[in-house]
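First comes the structure, then the notes that go with it.
All of the numbers you see were taken from the coordinates with simple rules; none came from a lab. Model, not experiment: these values are computed from the prediction. FYI the Cβ positions are ideal-geometry reconstructions off the backbone, even for glycines, and counts take in every protein chain you see.
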Amino acid sequence: MDRETQRQAEEWNRRRWDEVARVHVGAYREVELLRTGQEVLDEIELREVGDVLGKRLLHLQGHIGTDTLAWARHGAIVTGVDFSEESIKSAEALRDELGLEARFIRSNVYDLPDVLSEVFDVVYTSRGVLCWLRDLTAWAGIIARFLAPGGIFYLMESHPILNALEERPTGELAFIHPYFHRPEPVRGEAGGPDYADPTHPLQHPSHE
Ligand SMILES: C[S@@+](CC[C@H](N)C(=O)[O-])C[C@H]1O[C@@H](n2cnc3c(N)ncnc32)[C@H](O)[C@@H]1O
């Protein structure tokens, strides 16, 4: 896939995420958990990342900020990054509503070195992030760039085999997409339901 096609695919994705950001503020269970002072993060990641009190934590592809703000509640000094402006606006509104400290930056992950020059004790990303990335080697370079010496990178993600499966109308799971990398993205057409709010018909296609 040439660079221009990649750029267009990312632009469609960015519009898709702009479209659903506010929908997700209303639909995400995590928002309610944050508002009621309950835990948002999984016990596995809490255990594996460990004590973040006073640590600088960079959250890549943080969407509407629910996980970023949950880490802030645990005492981390958090910076959340996402390329969707509506996601960043929603994250900032949630931060202000909850009275938490957090910095949010709108940027494509790949362009982050142009707008951020610090290093972090923890670089974190989770749940539905890898499928949007066009170049995992370049992405890994970005992570390395932002890690302080001795810092950790933490990824929590569903297994990619799930992306190869689709549910048939009968309810059974079938292998529809290739498991191994291929140059062209898998296009998700507009019109289908949003995963968090099935009553919302999606207006923009996605490219995974
Ligand atoms: C499924 S969400 C992130 C997961 C988050 N834990 C959640 O469930 O809310 C995926 C996020 O990745 C962001 N994203 C996708 N590609 C990106 C890129 N190249 N640079 C920055 N953000 C990107 C989208 O805007 C979206 O907010």
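The charge dipole of the chain, taken about the Cα centre with unit charges on the Cβ atoms of Lys, Arg (+1) and Asp, Glu (-1), comes to about 260 debye, rounded to the nearest 20.
Our estimate of slack between Q203 and R187, defined as 0.36 nm per intervening residue step minus the Cα-Cα distance, is 4.4 nm.
For helix 85-98, what angle does its Cα long axis make with the longest principal axis of the chain, in degrees from 0 to 90 and rounded to 10? Helix 85-98 and the main axis of the chain meet at about 40 degrees.
Rounded to whole Å and ordered largest first, report the semi-axes of the equivalent ellipsoid of the stretch 3-160 derived from its Cα gyration tensor (root of 5λ). Could you put the intermediate results ahead of the total?
On the way: eigenvalues 101, 80, 40 Å².
So the equivalent ellipsoid measures 22, 20, 14 Å along its semi-axes.
Averaging the sequence gap over all C-alpha pairs within less than 8 Å and six or more residues apart, then dividing by the number of residues, gives the stretch 95-198 a relative contact order of 22 percent.
Expressed as a rounded percentage, what relative contact order does the chain have, with Cα pairs under 8 Å and six or more residues apart? Show your work: numbers first, answer last.
Values: 332 pairs, mean separation 44.4, N = 208.
That works out to 21 percent.
Here the sum of -39500 (n - 2.57) over DSSP H runs of 4 or more residues, divided by the residues of the chain, equals -11000 deg cm²/dmol at 222 nm, to the nearest 500.
Relative to the present Cα-Cα distance, how much length would full extension add between I44 and I105 at 0.36 nm per residue of separation?
Gain in length upon complete extension: 19.3 nm.
Potential lengthening of the chain between L33 and L165 amounts to 44.5 nm, from the contour at 0.36 nm per residue minus the alpha-carbon distance. Restricting attention to the chain, close to 25% of DSSP beta bridges with both partner residues there are antiparallel.
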